[in-house]
Amino acid sequence: MNNSINFLRRHFLGIALIFAALSIGGLNTVNAQTKDASFDHVKQIKAGVLDVGYVEAGPADGEPVILLHGWPYDIYSYKEVSDILAAKGFRVLIPYLRGYGTTRFLSAATPRNGQQSVVAVDIIEFMDALKIKKAVVGGFDWGARTADIMAALWPERVKGLVSVSGYLIGSQAANKTPLPPKAELSWWYQFYFATERGRAGYEANTHDFNKLIWQTASPKWNFSDAVYNQSATAFDNPDHVKIVIDNYRWRLGLAEGEAKYDDLEKKLAASPDITVPTVTLEGDANGAPHPDPAKYAAKFKGKYAHHTLTGGVGHNLPQEAPQAFADAIIEVNNFTK
């Protein structure tokens, strides 16, 4: 009897030691890996005029994918997308755009410029800083416009493109043309921002203003306060209001932009074709201004596919339909093989 008890004690003690070792070594390692890939672990890198805040997931030697958020959103639009792609072996990088999150200007003297070309220059310099020669780039809203510009002006840096709402490159000249009244109504905030009252109103009510945009841009997305508040911290950036106001005023020709980007803007004003492999996406419940997919398909001259998602998918498509967005990244990556 005593021998049996001693055997059992030794047996269970051995199992306990194994689990203790796993807890100290294996499980802690898993937790460390989870933390390293977590959105709580924001990295910083100096790139061009910015100290860019970004998160990274997936293996360091995986195919690089850069995902770009829009206004008024942030990196959390891609949390589930990044989990899916990292599990597939992609190296996923999601930077805060200028004026968002932990991204900061390196100099107080740098203009807080929000014109379209400069945001794309930021991401090219972000790639340079990370020594990434070429990547699949995806985005929505400002992020889609930025990705489109990168693909149009620096096609050698873009392996493939995923763009929500398709071709979003514009120009100040084109924006001078009035739209039909219903279309103008959908841009109400752009005209609000054109006034000093609008700038002051956005500064005073950023949190509630942007929540309203979420609600109107994605009318069928029942996001919680917790989900919104998680992203809303990104708007506490000291340059956020200046960048947003400048972006929308520049579109209407009310802000000049910087002369050093004039050549880039001239190229963009010509509506350049995009030749890299592309997948465009649209949600069936996008409440924000967006073009008809049939009107921009011809701008994509490489291998191309479009998907309109059903089921009440709104403007923040990556967060509302993460599997579909991740599938589009995988699809366009396969286009290049």
The chain - mean residue ellipticity at 222 nm from DSSP helices (-39,500 (n - 2.57) per run, n ≥ 4, rounded to 500) | -12500 deg cm²/dmol
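Restricting to the chain, what percent of DSSP beta bridges are antiparallel, rounded to 5?
Numbers: 11 of 34 bridges.
Given both bridge residues lie in the chain, the antiparallel proportion sits at roughly 30 percent.
When a/c reaches 1.5 or more, the comparison of a/b and b/c decides; with that in mind, is the stretch 57-180 rounded, prolate or oblate per its Cα gyration tensor? Working shown, then result.
On the way: a/c = 1.69, a/b = 1.41, b/c = 1.20.
Prolate is the answer for the stretch 57-180, as a/c is 1.5 or above and a/b outweighs b/c.
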At what distance in angstrom do the alpha carbon centres of the stretch 219-262 and the stretch 111-172 lie from each other?
-> 16
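Would you work out if the stretch 40-335 is rounded, prolate or oblate? Take a ≥ b ≥ c from the square roots of the eigenvalues of the alpha-carbon gyration tensor; rounded if a/c is under 1.5, else prolate when a/b is larger than b/c, oblate otherwise. Don't skip to the answer; put the middle values down first.
Values: a/c = 1.18, a/b = 1.15, b/c = 1.03.
Rounded is the answer for the stretch 40-335, as its axis ratio a/c remains below 1.5.
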Degrees between helix 142-153 axis and first principal axis of the chain (Cα, 0 to 90, nearest 10) = 80
Of the listed peptides 246-253, 68-75, 124-131, what is their order by residue-averaged count of other C-beta atoms within 10 Å, with the highest listed first?
-> 68-75, 246-253, 124-131
By how many degrees, between 0 and 90 and to the nearest 10, does the Cα long axis of helix 206-217 differ from the longest principal axis of the chain?
-> 80
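Which of the three applies to the stretch 205-275, rounded, prolate or oblate, going by the alpha-carbon gyration tensor with a ≥ b ≥ c and a/c under 1.5 meaning rounded? Write down the numbers at each step before the final one.
Working: a/c = 2.83, a/b = 1.83, b/c = 1.55.
Prolate is the answer for the stretch 205-275, as a/c is 1.5 or above and a/b outweighs b/c.
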Counting only residues 5 or more places away or on other chains, whose amide H sits under 5 Å from the amide H of Gly312 once H atoms are built in the peptide plane?
-> Asp284, Ala285
Magnitude of the Cβ-charge dipole of the chain, K/R +1 and D/E -1, about the Cα centre, nearest 20 debye?
-> 520
Order the peptides 232-242, 292-302 from the highest to the lowest mean number of other Cβ atoms within 10 Å of their residues.
-> 232-242, 292-302
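By per-residue mean of other Cβ atoms within 10 Å, what is the highest-first order of 193-200, 160-167? Display every interim value, and only then the final one.
Numbers: 193-200: 15.1, 160-167: 27.2.
So the order, starting with the most tightly packed, is 160-167, 193-200.
Starting from 0.36 nm per residue, how many nanometres of slack lie between Lys43 and Glu256 once their C-alpha separation is accounted for?
Numbers: separation 213, 0.36 × 213 = 76.68 nm, distance 3.25 nm.
The span from Lys43 to Glu256 would gain 73.4 nm if fully extended.
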In degrees, nearest ten, helix 2-21 long axis to first principal axis of the chain (Cα) = 20
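Every number in this text was worked out from the coordinates using simple rules, so none of it is lab data. Since the model is a prediction, treat every value here as computed from it, not as a measurement. In this analysis, Cβ positions are derived from the backbone assuming ideal geometry, glycine residues included, and neighbour counts consider all displayed protein chains.
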